[in-house]
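What follows is a set of notes on a single structure, which appears directly below.
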């Protein structure tokens, strides 16, 4: 897959697991001019069979910020997202080359424990996909796999996750009802709760609102904005308003290449490249 | 609310033991899959080693086996007088199978056209379960049906003595009934896989429903339908209980469907029933028949499956 | 370019006639379709009615209670066959379900991504499809070689003789007549080569019920003991005893011989491809997004299969398996090959190595006879068999509907 990564550059602070939790308060976030890069991608190429989906891509994703990937369909943004937690492992013919690291963890290394990696990097999919189980069991699914927890701790954890995902109030009276009975927006927030219940550091979201109605979309966008205080969030979206509303950094992809990346404001107000300008002005895509 | 204890503790399970466990389970599941290969290997090994006792005998020549027109393995206790020419058994199997296919293929295909092109959902909901019930009838029951109803009806319709009590036709009709649901459901699957746009195109040009189904849908689904025919043919060749009951026990080398016609499978059953001493050439001749049967059915199934795969890919 | 002649020279009369002809043809075809499709319903109705008509006089409690009898045809029944069929079906389910579902999980949930392994995967898949097309009688021959004789590795099983490798659940005795008429005593047998014993002196032994007793000897010429209890455990001097074996239900030997265990395992081979194919279809119909969700949470493939895919596919797997069981109950050819065509058996299997009669074999036997009574019996037995199948299918439908309800 890839060569072992060389020692980390001095700038990257290795994330000890405990460090995540004393979250940076809102005031400190404001004073820091951007966070240190957490996920670093360099010279990254990816293929499906003979088709090259991504070409020599270099990008840093900062910690505790929302980074959005935008671009027309088939530009490779979802491919990159799915490589970050190695969901592409199960796709026949998918392979990648280059450097992809999170802190000092080499993601592409064949020795990397995919299961542990996916616990640290959660993912939320385009269509809400709750398991055909109860709401409680959906959220408890991950913790039951990964941790040894007592019943009361598990109940606490489920409640906390649902509160974080801003869906607790709507479901607290029917935790043991089937999850498929929820509305689309509630299901998607449940999926977010399910993803954060295993204590991830990074949340990947693959067009999380594209299957939802406008009201639910707004609720989820608010949620994303809240969540970035504790999580590094990467969101793939078609919707440029969404990217501008809830992300700090934006990266624009076109035909398998990264065209431009930077703070969301600068990318949308004064893009450097012509293609970016055409896209954000809605000339294609 | 503060962060729950479970996330503060961060006591995650070690993944290395999980990995080992996972490897073990995958190995176990892979073992299950290997068993299926072992079964094929076992069948081939069993047939080859056992039929060796037959083909190696001085009383048997390969040429005589394939081209001989007399089969008396059951009738002659004396090896010198026994004749091992598989011709009569093959002719019996062919007679039964051809009659079965004459029933199952047209009827199954037309029913499939009806189900996939014309039938309303109400009729479908009625007809499909009926076909499934027919497919689920034990073959021994159809064999009994053949001697209880089909054979007397044939004798009655032909006005007397034309048909033997046990004959190839009644067995063939019963086997045909047995294969009909199979032809029907496989062909229907094939026709349903034909994209709707093709039909719309045909109707758009002013085709009648008949022309649309016969000139457009059936040709488009042809390889799927051919594979259904091959699979049904193989099923009919290997069918045992119907012919054991209804086709008679006399190997006859002819094309006459009104006579008795012992088939390859029918002979195997008779030989097993006859308490012939294990180890005699006559006994082992059943393996010679079995290996012929296996080669024929295996080749047809394989061809059918390969065509079916090709067809599935073309509309994937 | 001007319009081609074919488009300008239009004979309207011809066109109208042609259209009418084509429409008529289409209507005729439609009629043919409907009548042929309905034909299958007619066939089914005729089949059920004729068999019910033929068998209705024999549908009595005798049929369910009694065993096959050559002499008392009017009282013959199929109770051992019903029990035998269910026992065989149980063995078959026990062997084929884990193997079949396991294979299906392996093929569907652990699809390889590398090219040579994918080729192998396709090969296994094709092999299973081919196995489904192998005639059941060939499986019978395979079962005969593998389970009944075990390739003669352990020696051949002879009639009335314990042979092969007896592992557990059997004790060997000699059986001798005691002085009390109709009563026997048992003497333990150690040397399996020696087939008979001549008793000359008192020895320790067992009563037929298994209680240890001291066997006394009565010498002809001396007065016979008069007490019944003494007579029961006394034998004439020089009496001959024949070999006799007692089998516990878990009696186990290699090779299996013509036992219901061998028959059940053979049937398992027959239905294995059916179970695999239907389970695969059930697993394939589970939405891939559920699989992704589970993998995305850091579940391994096995955890995904166990916690997510398998529960979701369960109704489909159960339905397919029960239908396969129905096929197993109705299958006669492989059992005929493995167990032979004998139907004289008074009860269900007593131990694992006991032979059995099954419903289809009994029907085959009865249907092939000349006497009219047996033909009627066969029809009645078919009705019972069809009822058993109907019950099984109803259970399948019930499970499917029960498990499809959310929750």
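Some points to look at:
- Restricting the range B:53-78 to residues that are outside any loop (DSSP other than H, G, I, E, B) and surrounded by 14 or more Cβ atoms within 10 Å (Cβ to Cβ), the residue that is modelled with the lowest pLDDT: B:53
- Within the range B:276-301, being part of a helix (DSSP H, G or I), under 19 Å from residue C:151 (Cα atoms) and at the interface with another protein chain (Cβ under 10 Å from one of its Cβ atoms) holds for B:286, B:287, B:290, B:291.
- Candidate set: the range C:101-117, residues that are more than 8 Å from chain B (Cβ to nearest Cβ) and in a helix (DSSP H, G or I); chosen: the one surrounded by the fewest Cβ atoms within 10 Å (Cβ to Cβ): C:116
For (1) surrounded by 15 or more Cβ atoms within 10 Å (Cβ to Cβ); (2) over 19 Å from residue C:122 (Cα atoms); (3) more than 10 Å from chain C (Cβ to nearest Cβ), each residue gets a yes or a no:
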residue: B:4; (1), (2), (3): yes, yes, yes
residue: B:7; (1), (2), (3): yes, yes, yes
residue: B:12; (1), (2), (3): yes, yes, no
residue: B:17; (1), (2), (3): no, yes, yes
residue: B:21; (1), (2), (3): no, yes, no
residue: B:24; (1), (2), (3): no, yes, no
residue: B:29; (1), (2), (3): yes, no, no
residue: B:33; (1), (2), (3): yes, no, no
residue: B:37; (1), (2), (3): yes, no, no
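- Scan the range A:79-89 for residues that are buried (at least 20 other Cβ atoms within 10 Å of the Cβ), within 14 Å of chain C (Cβ to nearest Cβ) and part of a helix (DSSP H, G or I) and the total you get is 6.
- Matching residues in the range A:92-113 - criterion: being touching a strand residue (DSSP E or B) at 6+ places or on another chain (Cβ under 8 Å), part of a loop (DSSP other than H, G, I, E, B) and more than 8 Å from chain C (Cβ to nearest Cβ): A:103, A:107, A:108, A:112
- Enumerated helices (runs of 4 or more DSSP H) restricted to the range B:97-164, each holding at least 2 residues that are within 9 Å of chain C (Cβ to nearest Cβ), farther than 24 Å from residue B:214 by Cα and more than 17 Å from the chain's Cα centre (by Cα): B:121-136, B:139-145
- The helices (runs of 4 or more DSSP H) found entirely in the range B:171-275 that carry 1 or more residues being within 14 Å of another protein chain (Cβ to nearest Cβ) and surrounded by 21 or more Cβ atoms within 10 Å (Cβ to Cβ) are B:222-238, B:241-246, B:264-273.
- Residue under evaluation residue C:351, criteria (1) at pLDDT 90 or above; (2) in contact with a strand residue (DSSP E or B) (Cβ under 8 Å, 6 or more places away or on another chain), criterion not met: (1)
- Residue that is away from every other protein chain (no Cβ under 14 Å), within 23 Å of the chain's Cα centre (by Cα) and crowded, with 20+ Cβ neighbours inside 10 Å, where the choices are C:241, C:264: C:264
- Within the range A:67-78, the only residue that satisfies the criterion of being over 19 Å from residue A:271 (Cβ atoms) and either under 13 Å from the mean Cα position of the chain (by Cα) or assigned to a strand (DSSP E or B) (or both) is A:78.
- Options C:84, C:77, C:55; residue that is in contact with a helix residue (DSSP H, G or I) (Cβ under 9 Å, 6 or more places away or on another chain) and outside any helix (DSSP H, G or I): C:77
- Criterion (over 12 Å from residue A:195 (Cα atoms) and facing chain C (nearest Cβ under 8 Å)) met by exactly one of A:116, A:122: A:116
- Within the range C:368-397, the residues that satisfy the criterion of being more than 23 Å from the chain's Cα centre (by Cα) and either within 14 Å of chain A (Cβ to nearest Cβ) or surrounded by fewer than 16 Cβ atoms within 10 Å (Cβ to Cβ) (or both) are C:369, C:370, C:371, C:372, C:373.
- Taking the conditions (1) within 16 Å of the chain's Cα centre (by Cα); (2) in a loop (DSSP other than H, G, I, E, B); (3) closer than 19 Å to residue A:69 by Cβ in turn, residue A:211 satisfies each one other than (1).
- Filter result (under 20 Å from the mean Cα position of the chain (by Cα), without any contact (Cβ under 8 Å) to a residue 60 or more places away in the chain and over 24 Å from residue A:52 (Cβ atoms)) within the range A:93-116: A:105, A:113, A:115, A:116
- Among the residues of the range C:118-135, those identified as within 18 Å of residue C:268 (Cα to Cα) and facing chain B (nearest Cβ under 7 Å) are C:127, C:128, C:129, C:130, C:131, C:133, C:134, C:135.
Per-residue answers, yes or no, for (1) at the interface with another protein chain (Cβ under 10 Å from one of its Cβ atoms); (2) more than 29 Å from residue A:265 (Cα to Cα):
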residue: A:131; (1), (2): yes, yes
residue: A:143; (1), (2): yes, yes
residue: A:149; (1), (2): yes, yes
residue: A:171; (1), (2): no, yes
residue: A:180; (1), (2): yes, yes
residue: A:207; (1), (2): no, no
residue: A:219; (1), (2): no, no
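- Residue A:189 in contact with a helix residue (DSSP H, G or I) (Cβ under 6 Å, 6 or more places away or on another chain), crowded, with 24+ Cβ neighbours inside 10 Å, touching a residue at least 12 places away in the same chain (Cβ under 8 Å) and not in a strand (DSSP E or B): no
- Of all the listed residues (C:358, C:309), the sole one being buried (at least 20 other Cβ atoms within 10 Å of the Cβ), closer than 30 Å to residue B:15 by Cβ and within 14 Å of chain B (Cβ to nearest Cβ) is C:309.
The values are calculated or read from the model by the stated rules, or taken from the named source; none is laboratory data. As the structure is a computational prediction, the values presented were derived from the model and not from experiment. A quick note on method: Cβ atoms are made from the backbone with ideal geometry, for glycine too, and the neighbour counts reach across all protein chains shown.
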